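The values are calculated or read from the model by the stated rules, or taken from the named source; none is laboratory data. Computed from a predicted model, the values in this text were never measured in an experiment. Neighbour counts run over all protein chains shown; Cβ positions are idealised from the backbone, glycine included. All accessible areas refer to the heavy atoms of the entire protein, side chains included, with ligands and DNA or RNA removed. Shrake-Rupley method; radii C 1.70, N 1.55, O 1.52, S 1.80 Å.
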Amino acid sequence: MSQIKNIITPLTEEAVKSLHAGDAVTITGTIYTARDLAHQRLVAALQNNETLPFDLRGAVIYYVGPSPAKPGRPIGSCGPTTSYRMDAYTPALLAAGLKGMIGKGNRSPAVIEALKKYCGVYFAAVGGAAALLAQRVRSARVIAYEELGPEALQELVVENLPVIVVNDCYGADLYQEGVRRYKKEG
Amino acid sequence: MRTIPFDQIRDTVARLCIEANCILGEDVVRALEKGREIEESPTGREILNQLLENQQIAREEMMPICQDTGWAVVWLEVGSQVKIEGGELYDAIQAGVAKGYTDGYLRKSIVADPLRRKNTGDNTPAIIYTEIVPGDRLKITVQPKGGGSENMSEIKMLSAADGVAGIKKFVVDRVWRSQANPCPPVIVGVGLGGTFEKCALLAKRALLREIGSLHPDPFYAQLEQELLEEINKLGIGPQGLGGRVTALAVFIEAFPCHIATLPCAVNINCHAARHRSAVI
């Protein structure tokens, strides 16, 4: 693995441009959790010109539905959920200022195109490494959609959250490149 | 007849839900360690490192290996000489799941209706499969099954003429199309034969096998080995980012078949092949 890059949120255009598919990155700062139903609501709010529960400009969204926090802990286990389910909503959020996403699994061609167009980046966290990832979360608070339970929108403060750049703003895709490199024919 | 109290069943199920979600089986840990030795991709090795460190943290802190603590699939072997006292068996199982998911700070991921999608709040209902066996014991196995890998599963009604080649093509292709989504390295459960629904059930039950164990029938043991080798040639690797270790194991369960059919089901599990049993 290449040397680990540290990045701070909110993400600047310059920071996004410095990232390339395959880079190992740690993220420090504020990020926002949102998955299926929360995405539906965020995009509906954008379409209705309503104010969103957080500032999308430079923001990083983490696709996660954490397990409940034990007493005295900020959060329970919190690994990434599969990203393709959010594909339909992502281009609209990138157009409105979203810069980064953390999830797992492949993105649609439309999302990869939107990352190029709006200068965004898609990171993968290790699916199943949920207890390890929880140790990098310093605080968590629900900021909207509390009634959605594990799908509520949360603001997390993270320190050195380990991720890997999968899709950069130049159109590269680590999933395709990595698998191509190791595929054996026959 | 032997009498087992309702509360004992409920409390056992609750404990199994928590332990299954927080303590990864030794067989899986060994398979991940072996995978780390043979993985050629540096990114893949780093991911396997994270998964091994993760299971250690989960075990020490008794927190879930994965935030998706799954659907509680409960397998029962009920001795015909067992009588439940203080309530009904299925009620005890459901109460145990509700208690385990609440007391253990496990995520509640079940919605009451597939379209209206309101969370039931306690991860019930469990999916329960019951077998009546001779004797006076009750064996309970809790197998929490995550949604991400379940979504990559599929059943196909093959033709008898498709044979072994058709099965291999379908199983390998199913893993190929799944890519990173089920959190590889995966464990692949394959059901063969039976009816449409029985076949899917066989694939799920296959996931309870211990990694490293051989199929009792050498014919199927060899087919499992061949499928594992083909899957690990795909290059998908840990987390789908490229590498050698795409699957840790392939397990087949076969059952008698109608002359006109060859059902084949694939149930995919992420690396966290969680299950825990107790005998009361």
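List of remarks:
- Test: B:Ile187 is of a type in the set (A, V, I, L, M), in contact (Cβ under 8 Å) with a residue 12 or more places away in the chain, within 28 Å of B:Arg45 (Cα to Cα) and in a strand (DSSP E or B): yes
- Comparison of A:Ile27, A:Ile8, A:Ile4 shows that the only residue that is within 26 Å of B:Gln50 (Cα to Cα), modelled with pLDDT under 95 and aliphatic (A, V, I, L, M) is A:Ile4.
- Screening A:Glu50 with (1) under 18 Å from A:Ala129 (Cβ atoms); (2) surrounded by fewer than 16 Cβ atoms within 10 Å (Cβ to Cβ) gives one miss only, at (1).
- In the range B:178-205, residue nearest to B:Cys66 (Cα to Cα) [restricted to those that are open to solvent by less than 20 Å² (accessible area, probe 1.4 Å) and among the small types (Gly, Ala, Ser)]: B:Ala180
- Condition met for B:Arg205 (within 13 Å of chain A (Cβ to nearest Cβ) and of a type in the set (D, E, K, R)): no
- Lone unmet requirement of (1) open to solvent by less than 50 Å² (accessible area, probe 1.4 Å); (2) away from chain B (no Cβ under 14 Å); (3) not hydroxyl-bearing (Ser, Thr, Tyr) for A:Met86: (2)
- Condition check for A:Ala45: hydrophobic (A, V, I, L, M, F, W, C), crowded, with 19+ Cβ neighbours inside 10 Å and not in a loop (DSSP other than H, G, I, E, B): no
- Any hit, the range B:88-96, residues being open to solvent by less than 60 Å² (accessible area, probe 1.4 Å), modelled with pLDDT of 95 or more and under 16 Å from B:Asp68 (Cβ atoms): no
- Residue that is nearest to B:Gly104 (Cα to Cα), among those in the range A:59-69 that are assigned to a loop (DSSP other than H, G, I, E, B) and within 12 Å of the chain's Cα centre (by Cα): A:Val64
- Among the residues making up the range A:173-186, a single one is touching a Leu at 6+ places or on another chain (Cβ under 7 Å) and open to solvent by 40 Å² or more (accessible area, probe 1.4 Å): A:Lys183.
- Matching residues in the range B:61-81 - criterion: being touching a helix residue (DSSP H, G or I) at 6+ places or on another chain (Cβ under 6 Å) and either more than 9 Å from chain A (Cβ to nearest Cβ) or open to solvent by less than 10 Å² (accessible area, probe 1.4 Å) (or both): B:Pro64, B:Ile65, B:Gln67, B:Thr69, B:Ala72, B:Val74
- Residue count, the range B:216-261 (criterion: open to solvent by 30 Å² or more (accessible area, probe 1.4 Å) and either in contact (Cβ under 8 Å) with a residue 24 or more places away in the chain or under 27 Å from B:Phe196 (Cα atoms) (or both)): 20
- Note on the range B:21-42: among residues that are under 15 Å from A:Tyr182 (Cβ atoms) and surrounded by 21 or more Cβ atoms within 10 Å (Cβ to Cβ), the one that is nearest to the other protein chains (Cβ to nearest Cβ) is B:Ser41.
- In the range A:87-110, the residues that are within 13 Å of the chain's Cα centre (by Cα) and of a type in the set (A, V, I, L, M, F, W, C): A:Leu93, A:Leu94, A:Leu98, A:Met101, A:Ile102
- Qualifying residues in the range B:171-196 (those that are touching an Asp or Glu at 6+ places or on another chain (Cβ under 8 Å) and under 19 Å from B:Gly243 (Cα atoms)) - the one farthest from the other protein chains (Cβ to nearest Cβ): B:Arg174
- Test: residue in the range B:86-93 that is under 25 Å from B:Lys204 (Cα atoms), more than 10 Å from every other protein chain (Cβ to nearest Cβ) and of a type outside the set (A, V, I, L, M, F, W, C): yes
- Scanning the range A:137-172 for residues being touching a helix residue (DSSP H, G or I) at 6+ places or on another chain (Cβ under 6 Å), within 14 Å of chain B (Cβ to nearest Cβ) and surrounded by fewer than 21 Cβ atoms within 10 Å (Cβ to Cβ) gives a total of 3.
- Taken over the range B:1-17, the residue count meeting the criterion of being aliphatic (A, V, I, L, M) and surrounded by fewer than 24 Cβ atoms within 10 Å (Cβ to Cβ) is 3.
- Any hit, the range B:159-177, residues being in a strand (DSSP E or B), in contact (Cβ under 8 Å) with a residue 24 or more places away in the chain, open to solvent by less than 40 Å² (accessible area, probe 1.4 Å) and farther than 22 Å from A:Pro80 by Cα: no
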